[in-house]
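The structure appears right after this line, and notes come after that.
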Amino acid sequence: MKKHRLVSLLMVGILSTQVVITNALESFSDTTGHWGKATIEWAASQRIVKGYPDGTFKPNGKVTEAEFVTMLLNFYQEAPNGGNWPNNYYDVATKAKWPIYTKEIDRKTAVTRKHVAELIAAGNGTNYRGNEAIRYLLINNLAKGKGTEYTLAAFHGKSPMTRAEAAQFLKNLYDAGRREMKPVVPSPTLPPTNPPTPATLPLDPVSQLPLEELVDSVEMKGNILVGKIPQIPKGYNLSVSYHSKIPFTKPVSIKNKKPGETFTLTVGSEGGYLLIGFDVDNEGKSTAIVRLPEMKVEWGTD
């Protein structure tokens with residue numbers, strides 16, 4: 001009798017083990033061939049993210065703030081006990097002093113990569129906002145740009161976060177050992193991010209940050225290029241010029257414009273590039289080229 005009972009217990013143990021393994025290797029019908037497949041399966045096995053009832057994950061679907069706050073708190077194992085979603089998660093985030101939206105409509109809107117950076121920075125115990133939050137992630141290797149560059153422009157902070165990207169950001173935290181939520185405290189000023197691509201000019205710590213901010217602000221609206229003037233360091237000059245493939249060169253009018261004001265430029269269908277540079281008494285300090293219309297950035301190109 002005891003022998004039969006032992007066999008039964010062993011069978012239960014084997015079946016239980018099989019169930020655990022099946023859950024750990026759970027896959028979704030729409031992630032085959034997707035770059036984030038392995039990461040998505042990891043996040044699902046950790047109960048950080050969930051799929052949909054039809055067996056899909058929708059890896060390229062957009063993430064709302066409510067969804068990412070939920071994922072991040074699940075990652076930290078700080079999920080609330082009971083309550084109505086997402087208010088129960090927002091109660092935890094509010095007590096943690098995270099930079100969350102207060103309006104319900106904003107919480108249901110696709111969240112930007114920049115705002116996700118702010119939330120992750122807060123989870124790590126810092127109060128960085130905007131580009132500072134992005135730079136915090138880049139400097140600490142918690143994220144990179146779209147592609148291989150570790151720059152503000154390559155990060156595409158204004159772009160919406162996808163579900164696959166959200167899973168990857170959380171996997172980055174896990175791999176870096178940032179697995180515990182920390183209380184938010186005032187944080188020190190960060191150094192400029194150093195573009196990893198070869199540059200003809202050495203990194204200038206004074207002008208590099210405003211250069212990155214300007215490049216990050218540049219966007220195309222139809223055939224109109226729009227950019228925002230950064231805070232120009234004392235003693236520095238900023239120059240912006242458009243170089244067409246025709247070819248011809250056209251300086252962009254930025255004289256008398258104040259920080260935060262925008263400049264515009266009509267770009268021909270032939271394309272070209274935008275050359276942005278800071279100098280002191282005509283000595284180049286930092287430069288960047290933005291290829292148009294593909295918006296590819298080349299740092300330090302003189």
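Read the figures in this text as sums done on the coordinates, not as results from a lab. On a predicted model such as this, the values are computed, not experimentally measured, just so you know. So basically every Cβ, Gly included, is an ideal-geometry build from the backbone, and we count neighbours across all protein chains shown.
Values computed for the structure shown
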item	result
Extreme residue, positive dipole direction of segment 88-164, given options Pro160, Gly123, Trp98 (C-beta unit charges)	Pro160
Burial order of peptide ranges 131-144, 254-267, 69-82, 224-237 (average beta-carbon count within 10 Å, highest first)	131-144, 69-82, 224-237, 254-267
Euclidean distance between Cα centres, segment 147-186 to segment 92-124, Å	13
Theoretical gain in end-to-end length, Glu104 to Asp281 [0.36 nm per residue, Cα-Cα removed]	58.6 nm
